[in-house]
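Step one of this worksheet: look at the structure below.
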Amino acid sequence: MPTQAAYPVAFQESHAEGRSLLDLRHQAESCERCDLYRNATQTVFGEGDAQAKVMLVGEQPGDKEDIAGRPFVGPAGTILDECLAAAGVDRSLCYVTNTVKHFKFEQRGKRRLHAKPNAGEIQRCAWWLGGEIDVLKPELIVALGATALQSLLGSSIGLKKERGRTLDSPSGLPVLITIHPSYLLRIRDREEAQLNKRLFIEDLKQISTVVSV
């Protein structure tokens, strides 16, 4: 029997029968399933085409997203947009969301620095991600980084080992595994950053081999 941390929590139960993405968004606005709502500005729910064939799942909103109330509008979002375009994928035809819907941070003076969500926070927020998946029924889910991968496929699946592969989720939906675009922002060496950006684009090119976007 897998442990709770190892189990892909986004597929533990059916969440959204008879609901719409708009219904889920409104419900999530008052979410208090974990304590992250206490310090975050607002819930940052997913957005995009309600008929999208592709769902992109990141970790959590950052500072810019927390203020704007929209996913992937900060520096990582800019890189994601660039790389999707380079891979021939139209972001406007995708649905973009995060595993955790509130910004978790550490206050350092006036700055709010990203803090990684823990297993309990991922577990509690998986109800919303599962609901988005249930309603959208995408043909492909793209796991951007380790947190999304843990929620979708379980912590026993390693990002480094499986990166670039498409694996089946417990529900049968294919999940393409790749890095979170924020990883590229943390690479100091310019040549290494460019190399990893090209590899990320190559990962994203696989989207069009699974679905037509």
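The values are calculated or read from the model by the stated rules, or taken from the named source; none is laboratory data. Please read these numbers as outputs of a predicted model, since none were measured by experiment. Note: ideal-geometry Cβ built from the backbone for every residue, glycine included; neighbour counts use all protein chains shown. Calculation scope for accessible area: heavy atoms of the full protein, side chains included, ligands and nucleic acids excluded. Shrake-Rupley method; radii C 1.70, N 1.55, O 1.52, S 1.80 Å.
Quick check: anything in the stretch 155-163 within 17 Å of the chain's Cα centre (by Cα) and within 27 Å of GLU32 (Cα to Cα)?
So far as the stretch 155-163 goes, yes, one or more of its residues are within 17 Å of the chain's Cα centre (by Cα) and within 27 Å of GLU32 (Cα to Cα).
So how many residues does the stretch 139-150 have that are part of a helix (DSSP H, G or I) and surrounded by 22 or more Cβ atoms within 10 Å (Cβ to Cβ)?
Applying the first criterion (part of a helix (DSSP H, G or I)) to the stretch 139-150 yields 146-150.
Remaining after also requiring surrounded by 22 or more Cβ atoms within 10 Å (Cβ to Cβ): 147-150.
Of the residues in the stretch 139-150, 4 are part of a helix (DSSP H, G or I) and surrounded by 22 or more Cβ atoms within 10 Å (Cβ to Cβ).
Kindly provide the set of residues from the stretch 33-55 that are at pLDDT 95 or above and charged (D, E, K, R), ordered by number.
ASP35, ARG38, GLU47, LYS53
Does any residue of the stretch 171-194 turn out to be of a type in the set (Ser, Thr, Tyr) and over 16 Å from the mean Cα position of the chain (by Cα)? Walk me through it before giving the result.
The first filter runs over the stretch 171-194 and keeps only residues of a type in the set (Ser, Thr, Tyr), leaving 171, 178, 182-183.
So of that shortlist, the ones also over 16 Å from the mean Cα position of the chain (by Cα) come out as 171.
Yes, the stretch 171-194 contains a residue that is of a type in the set (Ser, Thr, Tyr) and over 16 Å from the mean Cα position of the chain (by Cα).
State whether one or more residues within the stretch 111-132 are among the basic types (Lys, Arg), over 21 Å from VAL175 (Cβ atoms), touching a helix residue (DSSP H, G or I) at 6+ places or on another chain (Cβ under 6 Å) and in contact (Cβ under 8 Å) with a residue 12 or more places away in the chain.
Checked against the condition, which is being among the basic types (Lys, Arg), over 21 Å from VAL175 (Cβ atoms), touching a helix residue (DSSP H, G or I) at 6+ places or on another chain (Cβ under 6 Å) and in contact (Cβ under 8 Å) with a residue 12 or more places away in the chain, the stretch 111-132 yields at least one hit.
State all residues of the stretch 30-73 that are part of a loop (DSSP other than H, G, I, E, B), free of Cβ contacts under 8 Å to residues at least 60 places away in the same chain and among the charged types (D, E, K, R); if no residue qualifies, say none.
GLU32, ASP49, ARG70 - these are the residues of the stretch 30-73 that are part of a loop (DSSP other than H, G, I, E, B), free of Cβ contacts under 8 Å to residues at least 60 places away in the same chain and among the charged types (D, E, K, R).
Kindly provide the set of residues from the stretch 200-212 that are in a helix (DSSP H, G or I) and surrounded by fewer than 16 Cβ atoms within 10 Å (Cβ to Cβ), ordered by number.
Within the stretch 200-212, the first condition is being in a helix (DSSP H, G or I), and the residues that meet it are 200-205, 207-210.
GLU202, LYS205, SER208, THR209, VAL210, listed by residue number.
Could you list, in sequence order, the residues of the stretch 151-197 that are in contact (Cβ under 8 Å) with a residue 60 or more places away in the chain, closer than 16 Å to ILE122 by Cβ and not in a loop (DSSP other than H, G, I, E, B)?
Matches in the stretch 151-197: SER151, LEU152, LEU153.
Filter the stretch 1-29 for residues that are in a loop (DSSP other than H, G, I, E, B), out of contact with any helix residue (DSSP H, G or I) (no Cβ under 7 Å at 6 or more places or on another chain) and either aliphatic (A, V, I, L, M) or at pLDDT 95 or above (or both) and give the result.
MET1, ALA6, GLU29, listed by residue number.
Identify the residue in the stretch 101-123 that is over 15 Å from LEU24 (Cβ atoms) and either within 12 Å of the chain's Cα centre (by Cα) or of a type in the set (Lys, Arg) (or both) and, among all such residues, is surrounded by the most Cβ atoms within 10 Å (Cβ to Cβ).
ILE122
Here are ALA87, ALA76: which of them is open to solvent by less than 60 Å² (accessible area, probe 1.4 Å), of a type in the set (A, V, I, L, M, F, W, C), touching a residue at least 12 places away in the same chain (Cβ under 8 Å) and in contact with a Ser or Thr (Cβ under 6 Å, 6 or more places away or on another chain)?
Details: ALA87 fails: in contact with a Ser or Thr (Cβ under 6 Å, 6 or more places away or on another chain).
Going through ALA87, ALA76 in turn, the sole match is ALA76.
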